[in-house]
1. Scan the range 63-84 and give yes if some residue there is within 19 Å of residue 222 (Cα to Cα) and either in contact with a helix residue (DSSP H, G or I) (Cβ under 9 Å, 6 or more places away or on another chain) or modelled with pLDDT of 95 or more (or both), otherwise no.
2. Suppose we keep only residues that are surrounded by fewer than 18 Cβ atoms within 10 Å (Cβ to Cβ) and at pLDDT 95 or above within the range 264-278. Which one would you say is farthest from residue 52 (Cα to Cα)?
3. Please pick out the residue among 230, 204 that is at pLDDT below 90, surrounded by 15 or more Cβ atoms within 10 Å (Cβ to Cβ) and β-branched (Val, Ile, Thr).
4. Residue 101 versus (1) surrounded by fewer than 18 Cβ atoms within 10 Å (Cβ to Cβ); (2) touching a Pro at 6+ places or on another chain (Cβ under 6 Å): which is the lone unmet condition?
5. In the range 183-209, what residues are part of a strand (DSSP E or B) and closer than 30 Å to residue 253 by Cα?
6. Restricting attention to the range 302-329, which residues are polar (S, T, N, Q), in contact (Cβ under 8 Å) with a residue 40 or more places away in the chain and surrounded by 16 or more Cβ atoms within 10 Å (Cβ to Cβ)?
7. Being at pLDDT 95 or above, more than 19 Å from residue 220 (Cα to Cα) and out of contact with any Ser or Thr (no Cβ under 7 Å at 6 or more places or on another chain) is the requirement here; does residue 308 meet it?
Amino acid sequence: MKKSILLSLLTLLLCVPAFAGRYAGDFMMIGAGVRPLGMGGAFSALANDGSAIYWNSGGLSQIRESEVQAMHAFLYGDLASYDFLSYVQPLPNDVSIAFNMTRLTVNDIPYFAEKYLLSTNVDERINNLDQHLPGVPDGRFRSTDDLYQFAFSKTIKFGANMGWQFFEIPFELGMGGNIKFIQRQIKDNLGSGTGFDLGLKLRTDMAVIFDEDGLGDLLFGINFQDVSGTSVTWDTNSEMRDEILFNTKVGLALVQPIASLKSELTLAYDYDYVYMGTKHYGADWTYDDRASIRLGYYDTNFSCGASLKVYGVFLDYALVSNPIGLTNRLGMRIRF
């Protein structure tokens, strides 16, 4: 029974273009990567792995090693799957490029053609048992939502003279952008569109600001998603267009080393302005760059996760709650 209800909800949300409207890009709000989701989506200021192509492309150029990242998520009681694959390639002069593929898949969606009801009226359908709905689908189909992104990022390092003698605050400013291609397929219909994101990430050293050894980094991030007014156009006779809303993600993060424990503590906060606004809170504790545990909270939902480094490969896990139920996310990251 529960599975039937969930499947019906997914059918309504994902598989009827007429109802998609301004929520056509909602599958992109699920987020990318395992670490960010384990931290409740508070990641636009951190943006320090391959998932930065989604959270804040300005952080990509501060990644100075090549990285491959993959994620698989089981959503809505295994009725849907969500996959993410990214590659980051650093270049000379503090430049990085990145590519990502994301797919949301919903399988075994029932459909009811009901062709036998054509040319009938309400009275006929009420009084004739042969025209009552049998509850048996005429077939099943699959819905897919694909996102492809290509990003470019550049970091500029500079010192800000605050007017104090012999004193200058160091900054690293990462600037990035990505072009995205969106493709949705619902049964026999195909919709597609293109869009752009722009991101900035600023990092500074608090040890210099406060003249106190042992203090860590302060980070600020802002990501403008779909700045060009992205829309998805369907291959129907009416060429219906679905709007994807512009969103601004703003984040702040504190990364504090704890030398006595060979550890690092990260606290992060994000705010999404779309859909009346959503607050995201996250915390991550990393031991010796070998293992991590993390917690997150967003929009009344709780998340947690962990990472373990095995032979140079980071294995990531996250458990995320939502109104439909708990979802599991598995991933790995390789840097070389």
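1. Among the residues of the range 63-84, at least one is within 19 Å of residue 222 (Cα to Cα) and either in contact with a helix residue (DSSP H, G or I) (Cβ under 9 Å, 6 or more places away or on another chain) or modelled with pLDDT of 95 or more (or both), which makes the answer yes.
2. Applying the filter and picking the extreme gives 265.
3. Within the list 230, 204, the selection yields 230.
4. Residue 101 satisfies all of (1) surrounded by fewer than 18 Cβ atoms within 10 Å (Cβ to Cβ); (2) touching a Pro at 6+ places or on another chain (Cβ under 6 Å) except (2).
5. Listed by number, the residues that qualify are 195, 196, 197, 198, 199, 200, 201, 202, 203, 204, 205.
6. Those that are polar (S, T, N, Q), in contact (Cβ under 8 Å) with a residue 40 or more places away in the chain and surrounded by 16 or more Cβ atoms within 10 Å (Cβ to Cβ): 303, 307, 327.
7. Against the criterion (at pLDDT 95 or above, more than 19 Å from residue 220 (Cα to Cα) and out of contact with any Ser or Thr (no Cβ under 7 Å at 6 or more places or on another chain)), residue 308 qualifies.
A quick yes/no check of all residues on (1) under 16 Å from residue 194 (Cβ atoms); (2) of a type in the set (A, V, I, L, M, F, W, C); (3) without any contact (Cβ under 8 Å) to a residue 24 or more places away in the chain:
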{"residue": "207", "(1), (2), (3)": "no, yes, yes"}
{"residue": "212", "(1), (2), (3)": "no, no, yes"}
{"residue": "221", "(1), (2), (3)": "no, no, no"}
{"residue": "224", "(1), (2), (3)": "yes, yes, no"}
{"residue": "230", "(1), (2), (3)": "yes, no, no"}
{"residue": "250", "(1), (2), (3)": "no, yes, no"}
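The values are calculated or read from the model by the stated rules, or taken from the named source; none is laboratory data. All values derive from a computational prediction rather than experimental measurement. Every residue, glycine as well, gets a Cβ built from its backbone with ideal geometry; the counts of neighbours run over all protein chains shown.
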